[in-house]
1. Once you have the Kirkwood Rh of segment 1-110 from its Cα pairs, apply Stokes-Einstein at 37 °C and 0.692 mPa s and quote D in µm²/s.
2. Where in segment 1-86 are there trypsin sites (Lys or Arg not before Pro) that are in a DSSP coil and have at most 11 other Cβ atoms within 10 angstrom of their Cβ?
3. Starting with the highest mean, order 16-24, 64-72 by the number of other Cβ atoms within 10 Å, averaged over the residues of each peptide.
4. In debye to the nearest 20, how big a dipole does segment 5-195 give about its Cα centre with +1 on each Lys and Arg Cβ and -1 on each Asp and Glu Cβ?
5. Please report, for the Cα atoms of the chain, the Rg to one decimal and the Dmax as a whole number; what are they, in angstrom?
6. List the residues whose amide H sits under 5 Å from the amide H of HIS35, counting only those 5 or more places along or on another chain, with H placed 1.01 Å from N in the peptide plane.
7. Scan the chain and note any complete DSSP helix (H) whose C-alpha atoms cover at least 20 Å along its axis and whose Kyte-Doolittle average is 1.0 or more.
8. Kindly provide the helix-only [θ] at 222 nm of the chain, computed as the sum of -39,500 (n - 2.57) over DSSP H runs of four or more divided by all residues, to the nearest 500 deg cm²/dmol?
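Derivation of every value follows stated rules applied to the coordinates shown; laboratory data play no part. What you are looking at is a predicted structure, and each value in this text was computed from that prediction instead of being measured. Using ideal geometry, Cβ is built from the backbone for each residue, glycine included, and neighbour counts are taken over all protein chains shown.
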Amino acid sequence: MSAAAPLLGLLAGIMAVADLIPYLRDMLRRTTRPHRGAWLIWSVLAVVVFGAQSADGASWSLIILGAEAVGTSVIFALSLRLGSGGLSRAERCLIALAGAGVVAWAAADAPIIATACVVAAELIATALMVPKTWRDPNSETLSTYALASLAGAFAAGSVGALVPALLLYPVHFCLLNGAIAVLILRRRKVLETRYS
């Protein structure tokens, strides 16, 4: 493990908490409208990946996962009153996919299976959110996704070694949140140009 791993793990945790502040602020202002189903899925998946990564031997990179599990659960709870959408059949299937990953993890004693299922489910959940974000990029908080991407980069650095099982989730988290941030930014610019 590298000497920088503890510092990077702490920075990842701080970023994970910091990325929630603007999102919660915007939810309370009613400018951000979280999709209830997506945030339910992300909160369930965050708990699953925390357990899987812990079982795979993660240490400092667990800080971000714990912060994300708590943070996504808080946003989901608030989205019941302040969000939009529900739990569609597709979203129920995503939760089942995460559950299948946990069952496979228990049966095969391979936490990487659960992590891979979480990554697949998160990609699909994000795809469900993309149409809303494409139509109305102002319904999401850009800084939340940008900070989450940075948190994922710090978390990947906090792994401290080239261990694919431990790097899979933080690298995925960094890239996925970065892609959402780019989508929001580009769509806002396109719509501003179109309507100005």
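1. On the way: Rh = 15.1 Å.
Rounded to a whole number, D works out at 217 µm²/s.
2. Details: sites: ARG25, ARG29, ARG30, ARG36, ARG81; in loops: ARG30.
Taking segment 1-86 and a limit of 11 other Cβ atoms within 10 Å, the loop trypsin sites (Lys or Arg not before Pro) found are ARG30.
3. Details: 16-24: 19.2, 64-72: 23.6.
For the peptides 16-24, 64-72, the packing ranking is 64-72, 16-24.
4. Values: 15 positive and 10 negative charges, 196 e Å.
It comes to approximately 940 debye.
5. Reported Rg and Dmax, both Å: 16.4, 57.
6. The list, which skips near neighbours in sequence, is SER84.
7. Numbers: long enough: 36-55 (29 Å, 1.33); 62-82 (30 Å, 1.81); 89-108 (28 Å, 1.16); 111-135 (37 Å, 1.23); 142-159 (26 Å, 1.33); 164-195 (46 Å, 0.74).
The qualifying helices are 36-55, 62-82, 89-108, 111-135, 142-159.
8. Details: 8 runs with 160 residues, N = 196.
So the calculated ellipticity at 222 nm is -28000 deg cm²/dmol.
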